[in-house]
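J.: Attaching a single structure in structure tokens format; questions to follow.
The values are calculated or read from the model by the stated rules, or taken from the named source; none is laboratory data. Being a predicted model, the structure only gives us computed values, none of them experimental. Cβ coordinates were reconstructed from backbone atoms using ideal geometry, including for glycine residues, and neighbour counts include every protein chain displayed. Please note that ligands, DNA and RNA were not included when accessible areas were found on the heavy atoms of the full protein model with its side chains. Shrake-Rupley method; radii C 1.70, N 1.55, O 1.52, S 1.80 Å.
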Amino acid sequence: MGLLLGREDKANEQFAAIKKRYNELKELTGRVTKRPVVFSGELRGGNWYDCRREEFLAQLFKDAGADYF
């Protein structure tokens, strides 16, 4: 969006700040010894779909200090 709006520098600055904070928080969860187990998915058209361990959402859970089921 920053590129389209002529604010690429500002967008890159904000992205770098978010990335830095995300990695700081991720580092804190590396010391967690008791991790909750979580499961996530969604119901679409009568079928339940869960995310695989290598998908984005499962990685977010891991980064947040949880183990994905």
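J.: Could you tell me which residue of the stretch 16-34 is farthest from GLY2 (Cα to Cα), considering only residues that are in a loop (DSSP other than H, G, I, E, B) and open to solvent by less than 70 Å² (accessible area, probe 1.4 Å)?
T.: To start, the set of residues in the stretch 16-34 that are in a loop (DSSP other than H, G, I, E, B) comprises 30-34.
Imposing the further condition that a residue be open to solvent by less than 70 Å² (accessible area, probe 1.4 Å) reduces the set to 30, 32.
Numbers: GLY30: 33, VAL32: 36 Å.
In this case the residue turns out to be VAL32.
J.: Between a residue in the stretch 49-68 that is farther than 11 Å from VAL38 by Cβ and of a type in the set (Lys, Arg) and any residue that is part of a strand (DSSP E or B) and open to solvent by less than 70 Å² (accessible area, probe 1.4 Å), which pairs come within a Cβ distance under 8 Å, given they are 6 or more apart or on different chains?
T.: Qualifying pairs under 8 Å: ARG53/TYR68.
J.: Do we have any residue at all in the stretch 56-64 that's within 13 Å of the chain's Cα centre (by Cα), surrounded by 10 or more Cβ atoms within 10 Å (Cβ to Cβ) and among the acidic types (Asp, Glu)? Outline the logic, then answer.
T.: Residues of the stretch 56-64 that are within 13 Å of the chain's Cα centre (by Cα), as a first pass: 56-64.
Okay, now just the ones that are also surrounded by 10 or more Cβ atoms within 10 Å (Cβ to Cβ), so 57-64.
Still in the running and among the acidic types (Asp, Glu): 63.
The answer is yes; a qualifying residue exists.
J.: Just checking, which of ASN47, ASN12 is open to solvent by 70 Å² or more (accessible area, probe 1.4 Å), modelled with pLDDT under 85 and among the polar types (S, T, N, Q)? Even if it seems obvious, please write down each step before you answer.
T.: On the way: ASN12 fails: modelled with pLDDT under 85.
On inspection, the qualifying residue turns out to be ASN47.
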